[in-house]
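Quick one: the structure is below, questions incoming.
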Amino acid sequence: MKRTISLLITGAILCMAAVSVQSGHSGIVLKELPVPHASAPEQDLSMVSLEESQKENTMAKSVVAGGKVSLLDPAGSTLESRFLVPAGYKRLEKPAGSLQGYLRQYSMKPDKSPVLLYDGKEKRRQDVHAAVFSMPLVEGDLQQCADSVIRMYGEYLWSVGAYDGIAFHLTNGFFMDYPSWRAGKRLLVDNNKVSWVQKAAYDDSKESFVKYLRQVMVYAGTLSLEKECTRTDLNQVLAGDLLIRGGSPGHCVMVVDVAEDELGNRCFLLAQGYMPAQEFHVLNNPLHDSDPWYYSNEIKDTVVTPEYTFSTDSLKRWREFTR
């Protein structure tokens, strides 16, 4: 594996003026920012009223394809429009500026698109995914599982202007924050020692930001990302939560959408990157044909995904976004 460095948790990272600590809540809360477009969504879903959203979510929807009832709408161009909620469930409310809203609006590649590797070849297994995110890959065999999560977190924070919140520990504990990179600092690596050196002019372009993310991917991974997380309960699962097992290689998948029934039972969609580096994709649920949702009331000790099995105590939360 490409990772050689291990991290220490240093506490919550405060965002710029766009971020504040909400009274009575220990997590980071993004103030009233509009839900950003993610890869040109078909419409601004943040403008849909809560009443309309709830009305839509409570309707039992399905698509009949080839004589089978499916919860996938092939015509849907975003995560929210591609995946229909199961009967009896409705999507959790998405606050303005939330990570959940960002994920739901994220553009998906056309239905039945294959998962591509970093070199443009198709992934060997094409039976594990229900849809593919339109998230580009960085150059090289780098954007694997934890790296895909790091990119999604980083891209979200960038989209809402929370630049000071974009920061990740490398596996040796070095705190690699985006503001330092933006100011022109670059990494100086000497064996297991890492430090900043001034090498470039100030650059806040998107191109430079992606280069920052790529550099994080070189030296961070599941080991470092897991140490930045805290345990959470399956019944309280939220978008952005991770099933993660740190290691070399280890693995992690991200919760990208959550719905709930009248009894408080939740179901959720999972997405992953994997090895070798490949496109971020929504996973099928091996227990259900034509239904990719994972149901909390069906899970006991393990969560079985098509390519990895996690224990339920692997469910963790990276940060307390408003979701």
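Hey, any hits in the stretch 215-236 for a residue that's more than 21 Å from residue 271 (Cα to Cα), under 20 Å from the mean Cα position of the chain (by Cα) and free of Cβ contacts under 8 Å to residues at least 40 places away in the same chain?
Yes, that holds for at least one residue.
Just checking: which of the strands (runs of 3 or more DSSP E) contained wholly in the stretch 105-205 hold 2 or more residues that are exposed (fewer than 14 other Cβ atoms within 10 Å of the Cβ)?
185-190, 193-198
Where a number appears in this text, it was derived from the coordinates with a stated rule and is not lab data. The structure presented is a predicted model; accordingly, all values stated were derived computationally and were not measured. Because the Cβ atoms are built from the backbone with ideal geometry, glycine has one as well, and the counts that use them run over all protein chains shown.
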